[in-house]
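Accompanying notes for the structure given below.
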Amino acid sequence: MFGQMNRLSVRNRIWGIVLIFIGSIVLVGAIDIFMLKKTLHQEKELAIRQIVDSSHSVLAHYESHQQQGKLSHEEAQAAALSTIKNMRYNRNDYFWITDNQKPAHMVMHPIIPALDGQTLVDEKYNYVTSLRSGSEGPFTPTGGRKNLTEAFIDAVAKTGDGYVTYHWF
């Protein structure tokens, strides 16, 4: 290999070194971008988990008031729904609540209250692009054809938690 380099002119050797240098910069940049994307995705998952945990603590708070006899079952549910209905994160993002039955029913949607009490089994709710049970491992692609509420149920069925990626209309 070095014997072939000796046959090149000095000018071509310099250009070869420059090309190798530029190629290494591009390669290192591509690796950095891939690693940054992965890190940002993991941080986003952690942030979402913390936000969901805080909304879950609202439910636990009102459940404890019910168990202590401070609120009736209906009052505790109404207070929890009202609190979660008004919670926002990232300015425009919000929480909604479905039950875990098949087919699932929308318990509360803060932006589209007409969905409350409805089953989301219509074709127009098949927006899930991928899902994962638990907080580790790869996402399973769905091709954008899986039902939103079914995906939520499937994601948590094995481990009690999970992630679902989807496009909302």
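The values are calculated or read from the model by the stated rules, or taken from the named source; none is laboratory data. Predicted, not measured: the structure shown is a model, and the values here were computed from it. Quick reminder, even Gly has a Cβ in these numbers, built from the backbone with ideal geometry, and neighbours come from all protein chains shown. Keep in mind that these areas ignore ligands, DNA and RNA; they rest on the heavy atoms of the full protein, side chains included. Shrake-Rupley method; radii C 1.70, N 1.55, O 1.52, S 1.80 Å.
Side notes on the structure shown:
- Against the criterion of being within 26 Å of E43 (Cα to Cα) and either open to solvent by 40 Å² or more (accessible area, probe 1.4 Å) or of a type in the set (D, E) (or both), N86 qualifies.
- Of all residues making up the stretch 50-83, the number that are open to solvent by 50 Å² or more (accessible area, probe 1.4 Å) and within 24 Å of D154 (Cβ to Cβ): 5
- Some residue of the stretch 115-131 being in a helix (DSSP H, G or I) and open to solvent by 80 Å² or more (accessible area, probe 1.4 Å): yes
- Residue satisfying all of: in the stretch 78-114; more than 23 Å from A151 (Cβ to Cβ) and in a loop (DSSP other than H, G, I, E, B); farthest from the chain's Cα centre (by Cα) among these: N86
- Which numbered condition F152 misses (of (1) out of contact with any Leu (no Cβ under 9 Å at 6 or more places or on another chain); (2) within 19 Å of E45 (Cβ to Cβ); (3) modelled with pLDDT of 85 or more; (4) open to solvent by 50 Å² or more (accessible area, probe 1.4 Å)): (1)
- Cβ pairs under 9 Å, 6+ apart, first in the stretch 16-34 and within 30 Å of N6 (Cα to Cα) and without any contact (Cβ under 8 Å) to a residue 60 or more places away in the chain, second assigned to a helix (DSSP H, G or I) and open to solvent by less than 90 Å² (accessible area, probe 1.4 Å): G16/M5
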